[in-house]
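Only the coordinates and a few stated rules stand behind these numbers; no lab work does. Values in this document were obtained by computation on a predicted structure and should not be read as measured data. Neighbour counts run over all protein chains shown; Cβ positions are idealised from the backbone, glycine included.
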Amino acid sequence: MSSAEDCDCKEGMFPRKPLSRRGLLFAAGSTAGAIAAGLPGRASAENTPPPGAALYEVATDPTKEPGRAIGLDGGYGTRSQFETAVRIVPSGSNPYTTFSLTPLASLVGNITPSGLHYERHHAGVPTIDPARHSLVVHGLVETAKRFTMEDIKRMPSVTRKHFIECSGNTNSEWAGPKGKTVQFTHGLLSTSEWTGVHFSIFARQVGLKAEGLWVLAEGSDGAVMTRSIPIEKVLRDALIAYGQNGEALRPEQGYPLRLVLPGYEGNTHIKWLQSLQVSDVPFMSREETSKYTDLMPDGRAWQFVFEMDAKSVITFPSGEMRLPGPGYYEIRGLAWAGRGRVARVEVSTDGGRTWTLAELEGTPEPICTVRFKLPWLWDGKPATLLSRCQDETGYIQPTREKLVAERGLNAYYHYNGIQSWSVAADGSVANVAA
Amino acid sequence: MSRLEVLLAFAVAIGGFNALAAESPPGPNLGSPVSATELARFIAIPQSGAGLPHGRGEVAQGKAIYSARCAACHGEHLEGVKETGGVALIGGRGTLASAKPVKTVESYWPYATTIFDYVRRAMPFNAPGSLTDEEVYAVTAYILASGHVIPEDAVLDEVSLPRIDMPNRQGFYRDPRPK
């Protein structure tokens with residue numbers, strides 16, 4: 001958008017300066033992630049391990065000597081010292097209120113590693129002792145109650161895979177192609193397996209009053225962040241979650257307790273959850289009036305824009321990669337839908353003139369990402385790659401032009417237009433309009 | 001009765017027993033009741049002003065508090081400071097339908113109660129929750145007077161604050177996308 005750089009409404013959601021252009025190489029064993037993040041590449045890996053890794057001596061021939069002893073990692077493993085993908089934080093932003101982006105191009109499968117889950121904080125990451133943390137459920141209830149973490153872990157539990165997407169994801173693209181890489185354009189999207197307790201279990205223990213129509217969720221961070229959520233949503237599928245990908249939540253994801261609202265915009269999934277207040281009206285908090293409202297061309301704004309509509313993006317090949325030459329490639333990407341299952345994904349390699357049904361990896365789960373794939377023989381000529389997703393309600397991911405015609409250029413949030421990547425004759429991939 | 005029939009009858013009996021049990025599974029009854037005193041820390045103010053604390057604040061008092069506690073991030077003239085991420089608090093009226101909308105408390109926020117609620121819980125950024133209720137009333141008054149929403153001699157309290165008619169009060173509507 002034209003005003004992206006100087007508009008204060010962006011409040012940390014947009015880098016002051018575009019990320020610097022750094023070449024991403026597509027080659028086995030490349031240090032693409034490290035280059036993208038400005039980290040030391042392989043050449044200096046002898047000195048500093050990538051984040052999440054430890055440095056070990058590399059054997060000349062690993063079949064001619066024993067490897068390292070078990071337990072040297074202290075009992076919690078590290079990733080390989082050759083793996084360098086990291087979340088990136090836009091430069092020039094307030095480090096307490098900014099965001100970090102998931103390196104989508106480096107991921108395989110469907111789950112985002114917990115350490116690479118995108119972040120968006122409103123007052124930094126608090127450090128919370130679970131022994132002193134509790135959730136108070138109060139307001140329009142028969143008995144206001146405090147639940148300790150011990151109480152919550154005794155309750156009937158469920159485990160579900162869901163994506164969480166920031167409503168600001170891909171907002172660089174409203175006025176046309178801008179982000180250089182898929183990490184930049186779509187990296188405010190991550191998928192985890194969440195474990196927790198349905199809100200309805202809490203509702204039975206406090207007794208909801210009939211006039212309760214909204215629930216205010218409050219975090220125990222420095223922003224004491226609040227969002228009002230319709231009660232039918234929290235009763236239907238809200239999770240009070242303490243688990244992520246088989247272990248406790250990461251602190252950046254709300255340790256020890258967060259709200260998970262499948263399909264709703266990311267900021268509503270209140271982290272470090274300490275209070276749920278049942279009310280007859282929404283509270284009109286700062287986050288649901290001045291922020292996270294979508295400004296329309298007539299100067300009025302959509303409010304309570306909760307569901308993240310169906311969306312997809314090709315992660316390979318994607319911006320700043322370079323294909324080594326003509327031949328076979330597997331086009332890969334992610335598709336997701338906030339209103340149900342992904343029904344189908346189509347891919348075009350000719351700028352949208354023709355479309356081919358992509359293969360979905362496994363059966364799509366409700367309100368979850370699914371990986372799609374399509375074999376592609378590249379003839380070495382310029383090509384433009386697109387993907388579009390349809391969800392089970394029949395909704396089809398729109399073009400940018402359709403979104404702009406409906407919402408103008410200042411909606412800022414909830415951009416889900418079709419993304420296109422061009423492949424030039426030299427194999428270089430860039431973000432351009434189809 | 002053949003052995004098979006006996007087994008089947010047994011299976012039906014077991015199944016029936018399980019079905020009965022499934023009708024009323026045990027549910028947890030955990031958690032401890034919370035006193036009104038304990039609940040007092042969870043104050044959230046809706047547009048009606050319900051829950052606003054006693055106290056009052058004036059513009060001049062708010063100006064002094066603003067200079068000491070807020071100006072470093074939001075600017076001496078409430079214009080915002082790019083380097084700190086502190087947003088502009090005033091200005092921007094009439095810009096919302098333009099190519100470059102300027103969203104501030106003055107131009108965009110629909111309810112004055114939201115200012116009180118947000119400042120009380122989350123500001124100042126380096127010491128959230130450190131202002132007294134009177135100071136929050138006063139800072140709210142200063143911001144709104146600076147934005148010419150209320151007069152310079154206005155006094156804000158639990159009665160007058162929810163009655164403030166914000167310039168963009170009618171600027172929002174529910175997301176019209178299909179549910």
- When chain A is treated as a Gaussian network with springs between alpha carbons less than 10 Å apart, the largest mean-square fluctuation among A:Gly212, A:Gly362, A:Gly352 is found at A:Gly362
- Item | chain A: most fluctuating residue of A:Asp379, A:Asp61, A:Asp298 per GNM, C-alpha cutoff 10 Å | A:Asp61
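Please work out the FRET efficiency for the pair A:Val58 and B:Ala50, using the Cβ-Cβ distance as r and a Förster radius of 60 Å; give the result to the nearest 0.05. The partial results should precede the final answer.
On the way: r = 65 Å, r/R0 = 1.09.
E between A:Val58 and B:Ala50, to the nearest 0.05, is 0.35.
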- Note on the structure: Once the in-chain neighbours fewer than 8 apart are removed, the lysines whose Cα is under 20 Å from A:Lys209 read A:Lys145, A:Lys233
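Within 10 Å of each Cβ in B:118-130, how many Cβ atoms from other chains are there, averaged over the peptide?
4
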- Task: Calculate, for A:Trp355 and A:Ser428, the FRET efficiency according to 1/(1 + (r/R0)^6) with r their C-beta to C-beta distance and R0 25 Å; round to the nearest 0.05.
- Result: 0.55
- Note on the structure: Once both label points are put 7 Å beyond Cα along the C-beta direction, the B:Asp175-A:Asp129 separation in nm becomes 3.9
- Task: Specify the residue with the greatest mean-square fluctuation among A:Glu346, A:Glu65, A:Glu173, computed from a Gaussian network of chain A linking alpha-carbon atoms under 10 Å apart.
- Result: A:Glu65
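Would you mind calculating the gained length between A:Thr393 and A:Glu193 on full extension (0.36 nm times residue separation, minus the Cα-Cα distance), in nm to one decimal?
Values: separation 200, 0.36 × 200 = 72.00 nm, distance 2.37 nm.
Separation in residues times 0.36 nm, less the Cα-Cα distance, equals 69.6 nm.
Of A:Thr349, A:Thr226, how do they rank once you tally other Cβ atoms within 10 Å and put the fewest first?
A:Thr349, A:Thr226
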- If you place +1 on the Cβ of every Lys and Arg and -1 on the Cβ of every Asp and Glu, how big does the dipole about the Cα centre of the protein assembly as shown come out, in debye to the nearest 20? 820
- Inter-label distance, nm, simple model (7 Å from Cα along the C-beta direction), B:Asp153/B:Ser67: 2.3
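For a quick check: sort A:Ile418, A:Ile314 by the number of other beta carbons within 10 angstrom, fewest at the front.
A:Ile418, A:Ile314
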- Task: Please give, to one decimal in nm, the separation of the simple spin-label points placed at A:Ala210 and A:Glu83, each 7 Å out from Cα toward the Cβ.
- Result: 5.5
- Task: Find how much the distance from B:Asp165 to B:Glu83 grows on full extension, using 0.36 nm per residue of separation minus their present alpha carbon separation; answer in nm with one decimal.
- Result: 26.3 nm
- Evaluate the charge dipole of region A:290-331 about its Cα centre and quote only its size in Debye, nearest 20, assuming +1 on the Cβ of each Lys and Arg and -1 on the Cβ of each Asp and Glu. 120
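Which whole number gives the average count of other chain Cβ atoms within 10 Å of the Cβ atoms across peptide A:123-130?
Shielding by partners across A:123-130 averages 1.
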- Under 25 Å from the Cα of B:Lys82 - lysines, other chains or at least 8 residues apart: A:Lys10, A:Lys17, A:Lys178, A:Lys180, A:Lys291, B:Lys63, B:Lys100, B:Lys103
- Task: Give the distance, in whole Å, between the Cα centre of region B:59-115 and the Cα centre of region A:266-317.
- Result: 22
- Query: Taking every residue in B:95-101, how many Cβ atoms of other protein chains lie within 10 Å of its Cβ, on average?
  - Reply: 6
- Query: With a 10 Å Cβ neighbour count serving as the proxy for reagent exposure, in which order, fewest first, do A:Ser134, B:Ser130, A:Ser279, A:Ser387 appear?
  - Reply: B:Ser130, A:Ser279, A:Ser134, A:Ser387
- Task: Could you tally the net charge around A:Ala433, taking each other residue with its Cβ under 12 Å from the Cβ of A:Ala433, Lys/Arg +1 and Asp/Glu -1?
- Result: 0
- Taking the Cα atoms of the protein assembly as shown, what is the range of coordinates along each of the three principal axes, in descending order and whole Å? 81, 80, 52
- Per the helix-only calculation at 222 nm, which mean residue ellipticity applies to the protein assembly as shown, given -39500 (n - 2.57) for every DSSP H run of n ≥ 4 and division by its residues, nearest 500 deg cm²/dmol? -5000 deg cm²/dmol
